[in-house]
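Data first, discussion second: the structure below is written as structure tokens.
Any read-out appearing in this document is the output of simple, stated calculations on the displayed coordinates, not a laboratory observation. These numbers come from a predicted model, not from an experiment. All Cβ positions, even for glycine, are placed from backbone atoms using ideal geometry, and neighbour counts span all protein chains on display.
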Amino acid sequence: MAKGSGFSGGKSGILALEINDERELYEHYMPFVQGGALFVPTKRNHELGDELFFLLSIYLHSDPIPMTGKVVWVAHQGSGSSQREGVGVQFTDEQAELKIQIEQALTGTVHAQHPTLTM
């Protein structure tokens, strides 16, 4: 996987997102999406509503977490306010505990006015 916040296509073509600290988590987390979401940088073409699988390596867990969710945000190269190409993937009900862990880790910053990768 890429060092620092990033993604990897890997030889198998599976997307992977690595979040190493609170700052990177803040940049990737999308609290404005119902149920929560993560921004996953990718150059692959995805449409709203697509189901997407990726592996999440996050400092809150020792092992990568297989994630599946619905694409609810698409940022193409050169689009508006987005700093990076990628997609926002909405959490499923099965990921409710992860959402709680993320929001607890970001207590005090989740609604801060610092720039993120989406807004």
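Considering amide H positions built from the backbone, and no H for Pro or chain starts, which residues 5 or more places from Thr42, or on another chain, come under 5 Å of its amide H?
Those lying under 5 Å, H to H, from Thr42 are Gly86, Val87.
Each residue of the stretch 92-106 in order: what ³J(HN,Hα) in whole Hz does its phi give by Karplus 6.51 cos²θ - 1.76 cosθ + 1.60, θ = phi - 60°, with x for Gly and Pro?
8, 4, 5, 9, 4, 5, 5, 4, 4, 4, 5, 5, 5, 5, 9
Could you line up Asp50, Asp93 from fewest to most neighbouring Cβ atoms inside 10 Å?
Asp93, Asp50
Can you give the FRET efficiency to the nearest 0.05 for Glu51 and Asn20, using r as the Cβ-Cβ distance and R₀ = 30 Å? Walk me through the intermediate numbers first.
Working: r = 27 Å, r/R0 = 0.89.
After rounding to 0.05, the efficiency reads 0.65.
Only Cα pairs under 8 Å and at least 6 apart count here; give the relative contact order of the stretch 6-105 as a rounded whole percent.
Working: 179 pairs, mean separation 27.2, N = 100.
Worked out over the stretch 6-105, it gives 27 percent.
Please report, largest first and rounded to whole Å, the three semi-axes of the ellipsoid equivalent to the stretch 6-105, where each semi-axis is the square root of five times an eigenvalue of the C-alpha gyration tensor. Provide the component values of the computation, followed by the final result.
Values: eigenvalues 73, 47, 38 Å².
Sorted largest first and rounded, they come to 19, 15, 14 Å.
Can you compute 3J(HN,Hα) from phi for each residue in the stretch 49-64, using the Karplus curve 6.51 cos²θ - 1.76 cosθ + 1.60 with θ = phi - 60°, rounded to whole Hz and x for Gly and Pro?
With the stated coefficients, the stretch 49-64 comes to x, 4, 7, 10, 10, 8, 9, 9, 9, 10, 4, 7, 10, 7, 10, x Hz.
Just the number, please: percent antiparallel of the DSSP beta bridges in the stretch 6-105, rounded to the nearest 5. Each step should come with its number before you reach the end.
Working: 20 of 25 bridges.
If I count the DSSP bridges inside the stretch 6-105, around 80 percent turn out antiparallel.
Which order do Leu106, Leu98 fall in if you start with the one that has the fewest other Cβ atoms within 10 Å?
Details: Leu106 16, Leu98 19.
Going from least to most buried by this count: Leu106, Leu98.
Could you list Glu85, Glu51 in order of exposure, starting from the residue whose Cβ has the fewest other Cβ atoms within 10 Å? Could you put the intermediate results ahead of the total?
Numbers: Glu85 16, Glu51 11.
Ordered by Cβ neighbours within 10 Å, fewest first: Glu51, Glu85.
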